Structures are given as C-alpha cells and as structure tokens.
Amino acid sequence: MSTHETRRLDPCCVFPADGKTATTDLFELKPVADGVYAAIAAPQYKVNSNAAVILTNDGVIVVDSHSKPSAARALFQEIRGVTRQPVRKLINTHFHWDHWQGNEVYAAESSNLEIIASERTRHNLTTPDVGVGGIPYIETQLAALPKEIAQLQDDIVRASNPEQKARLEVNLQQAEAFFEELKSLKPALPTRTVASAVTLNEHGRELQLLVLGRAHTDGDLFIYLPKEKVMASGDALIDWMPFLNDGYPEDWVQTLQALDHFDFTHIIPGHGEVVPKAHLSFFRGYLTDLIAGVKQAAAAGASLAEMQKKLADDLAPQYEQGMSKYPLGRYRDRVGGNIEMVYKKVVQKS
Ligand SMILES: [Zn+2]
Ligand SMILES: [Zn+2]
C-alpha cells in the first residue's frame with residue numbers, strides 16, 4: 001500500500017495519496033461572532049490546521065499557522081481582505097507540525113509580533129522525540145519526503161484510471177512544493193509562554209488563554225472569548241476522530257470536563273467545521289466509551305487485534321457517522337489506531 005511508510009511516520013494527518021485536494025482557496029474565512037472568524041482549511045495533501053482570526057481595535061490575533069509558510073501566507077492575504085490592521089499576536093495551540101510551521105510568515109510581517117504558547121508547547125517545539133512536531137521533527141519530515149515523493153511517482157505510473165492519475169499528480173506537485181518549503185523553513189518559536197490561565201485585554205477584546213490539563217498533548221492551550229462565547233480548541237476538540245499518539249486519554253476526558261464548565265456556544269476546532277458546544281459531549285463520550293471498552297476487553301482477556309475488530313463495531317452505531325464527516329480523520333481510518341493507543345497508554349501504561 002502506497003501510504004504505508006508515511007502512515008507509520010505520520011499517523012496524524014496523512015491524506016490519501018490519490019485524495020482530492022484543493023490547489024487554490026486554502027481557507028474559507030467564516031464569521032463566528034462580530035470580528036471573530038474561523039479560517040476553515042480546505043483538504044490539502046499536506047494537511048493544514050484551521051485558524052481562528054480575532055480582530056481587535058488595534059491589530060489582529062491569529063490562532064495557529066498551519067503546516068507551511070505558503071498556507072499562512074494565503075490566510076494572511078485573506079485577513080488583508082477584512083482588515084488592514086497588523087497581526088500583533090499569534091498563538092500556537094500545541095506543537096504539532098500542522099499548527100505552527102507557518103509561524104515565520106507572521107513574524108516577517110510584523111517586527112514586534114508576539115508568539116504565545118503554553119510553557120510545555122515551547123518545550124516540545126525544541127525537544128527531540130516528543131511526537132509529530134517541533135524543530136527536530138522538521139528533519140524527520142525532510143528525511144521521509146523523498147521516499148514519499150518517489151512512491152507518489154510510482155503510484156502515478158500504476159494509476160488505474162485518468163481521474164486517479166490526475167489526483168495523484170496534483171498531490172505529487174503539492175508534496176514536491178512542501179519539500180522545497182520545508183528545506184528553507186525558518187522556524188519562529190514562541191516569544192512568550194503561559195503556565196496557567198491568563199486573561200489578555202486586547203483593545204476591546206477579552207481573551208482567556210486556558211491551560212486545563214493534558215489532553216491531545218501535554219501542552220494544549222484553549223483560547224476563550226467569554227463575551228462572544230467562542231472557544232478555539234486546537235486538536236483537543238476537533239470535528240474529526242481524535243489523534244491519540246501524543247495524547248493522554250484519561251487526562252483528556254478530565255480536561256474536556258473542565259472545558260465544559262466554561263460558557264460558550266461555538267467551537268473553532270483544529271480540524272473540521274465550526275461546531276456547537278454540544279459537540280464537546282459527543283467527542284468526550286467517544287473517548288470515555290473507547291477507554292471503558294478497551295479496559296473491559298483487556299480485563300476479559302481479549303487480544304489487541306480482537307478488540308480492534310469488536311470494539312470498533314460496538315462503538316460504530318453511536319460514533320461512526322458523526323466522526324466521518326470529511327475525507328480525512330474518519331472513524332474507520334482511525335478507530336483501530338485509537339484502540340491500540342488506549343491499550344498501550346491506559347492498559348499497558350507504556
Ligand atoms: Zn492538527
Ligand atoms: Zn495535533
């Protein structure tokens with residue numbers, strides 16, 4: 001299977017090699033509240049995170065910067081369409097590659113840009129082997145890309161029909177361009193870190209930066225606008241299946257419980273569309289049931305392979321549809337990996 005190698009390397013956000021991806025219009029800027037936008041990422045071979053764009057009376061605040069400078073530049077142009085104010089602050093929700101590798105674009109645009117992240121995220125960005133992101137992970141991606149590109153070229157030769165071939169060619173171009181961009185990446189790191197909750201009063205806009213505990217990573221930051229009742233949640237709460245490899249399943253449920261205590265109506269997730277607060281219960285319910293199911297199956301002596309089959313089917317009626325809205329991060333793509341991760345992290349505690 002063509003994507004086997006990249007799946008192993010990067011199980012977070014691998015687009016199918018012949019998936020239909022966007023070549024233009026990388027983001028749709030959707031109003032969520034007055035002066036608050038969700039920049040919803042179109043499907044791209046090298047996945048981009050969403051961003052939140054928050055206007056103030058003196059400048060713009062952006063949450064997350066995607067997987068590459070060209071994507072951040074594309075969003076920056078769209079922001080220019082709604083305001084001429086400079087971007088003053090950029091916030092990274094966590095250290096994963098698809099949320100911060102465009103930071104340099106905003107740093108180049110404004111000389112006194114503040115880049116904010118949690119203390120833990122700043123640590124993760126500079127420490128090897130912490131997961132799928134950070135400066136050391138750029139080398140990992142650079143090392144893997146030539147093989148990935150060769151595989152795509154191979155897949156094009158073997159393509160069974162013209163449509164598939166055309167899609168593969170678009171994605172090959174994107175992979176090659178991504179490789180070139182990565183080679184000249186100038187990583188811009190957080191200039192300010194937060195260890196616990198802080199409130200920022202930003203020219204008519206109140207923002208709370210919330211550190212609520214471990215979840216998708218050990219440094220997830222939530223960005224809360226109490227007046228507008230909007231929560232930007234990074235990947236700790238998304239409209240795809242969760243990615244657990246760098247996560248803490250049991251803590252995650254607790255952290256989402258803490259998040260539930262805040263008063264908000266709209267969630268700008270790291271991936272997928274803007275969702276109502278009710279999505280929090282659905283997403284947390286999946287994690288809760290997944291953990292309970294794995295524990296129960298393990299106690300009954302089931303092997304990992306057995307629980308991957310049975311539990312995936314048992315949870316499907318409740319979760320498959322709601323977790324399969326987009327071409328990426330769908331229930332059946334991820335449930336096996338999720339079960340394995342919970343088994344390792346919760347049962348084996350490795
Ligand atoms: Zn992500
Ligand atoms: Zn992530």
Where the chain is the region considered: accessible area per residue in Å², 1.4 Å probe: 41 Å²
Hey, can you list the DSSP H helices of the chain whose Cα span along the axis is 18 Å or longer and whose average Kyte-Doolittle score is at least 0.5? 278-299
Could you pull the Cα extents of the range 224-319 along its three principal axes, largest to smallest, in whole Å? 50, 22, 22
Extended-chain gain in nm, criterion 0.36 nm per residue less alpha-carbon gap, THR265 and GLU163: 32.6 nm
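For the chain, calculate the relative contact order in percent as a whole number, restricting contacts to Cα pairs under 8 Å that are 6 or more residues apart.
15 percent
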Which aspartates and glutamates have a Cα less than 20 Å from the Cα of LYS309, not counting those fewer than 8 places away in the same chain? ASP289, GLU320, ASP333, GLU340
Restricting the count to DSSP beta bridges whose residues both fall in the chain, what percent are antiparallel, rounded to a multiple of 5? 70 percent
The range 1-160, relative contact order [Cα under 8 Å, separation at least 6], %: 17 percent
Global size of the range 11-109 as Cα Rg and Dmax, reported in angstrom: 13.1, 44
Short version: ³J(HN,Hα) in whole Hz for each residue of the range 203-218, in order, from phi by Karplus 6.51 cos²θ - 1.76 cosθ + 1.60 (θ = phi - 60°), x for Gly and Pro, what are they? 6, x, 10, 9, 10, 10, 9, 10, 10, 10, x, 6, 8, 5, 9, 8
Whole angstrom only: what separates the Cα centroid of the range 271-306 from the Cα centroid of the range 99-137? 30 Å
Compute the projected area of the convex hull of the Cα atoms of the chain, averaged over all viewing directions, and report it in nm² to one decimal place. 16.9 nm²
From Cα pairs below 8 angstrom and at least 6 apart in sequence, can you work out the relative contact order of the range 213-350, rounded to a whole percent? 27 percent
Before rounding to the nearest 500, sum -39500 (n - 2.57) across all DSSP H runs of length at least 4 in the chain and divide by the residue total; then give [θ] at 222 nm in deg cm²/dmol. -13000 deg cm²/dmol
Over all pairs of distinct alpha carbons, what does the Kirkwood formula give as the hydrodynamic radius of the range 177-236, in Å? 13.8 Å
I need the trypsin sites (Lys or Arg not before Pro) found in the range 320-350, filtered to DSSP loop residues with at most 12 other beta carbons within 10 Å of theirs. LYS349
What lysines could a cross-link reach from LYS186, if we take a straight Cα to Cα line under 22 Å and drop same-chain neighbours fewer than 8 places away? LYS46, LYS68, LYS89
From the backbone phi of the range 31-40, what are the Karplus-calculated ³J(HN,Hα) couplings (6.51 cos²θ - 1.76 cosθ + 1.60, θ = phi - 60°) in whole Hz, Gly and Pro given as x? x, 10, 8, 4, x, 10, 10, 9, 9, 8
Where does each of 208-217, 74-83 land if you order them by average Cβ count within 10 Å, highest first? 208-217, 74-83
Past the 18 Å Cα-Cα mark, which pairs from LYS30/LYS229; LYS325/LYS345; LYS20/LYS165? LYS325/LYS345
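Taking the Kirkwood radius as the inverse of the mean 1/r across Cα pairs, report the Rg/Rh of the range 67-129.
1.00
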Please give the charge dipole size of the chain, origin at the Cα centre, charges +1 on K and R Cβ atoms and -1 on D and E Cβ atoms. Round to the nearest 20 debye. 160 debye
Of the heavy-atom accessible surface of the chain (probe 1.4 angstrom), what whole percent is carbon and sulfur? 50 percent
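The values are calculated or read from the model by the stated rules, or taken from the named source; none is laboratory data. For clarity, every value in this text was computed on a predicted model and none was experimentally measured. Cβ: placed from backbone, ideal geometry, glycine included. Neighbour counts: every protein chain shown. These accessible areas exclude ligands, DNA and RNA; they are computed on the full protein's heavy atoms, side chains included. Shrake-Rupley method; radii C 1.70, N 1.55, O 1.52, S 1.80 Å.
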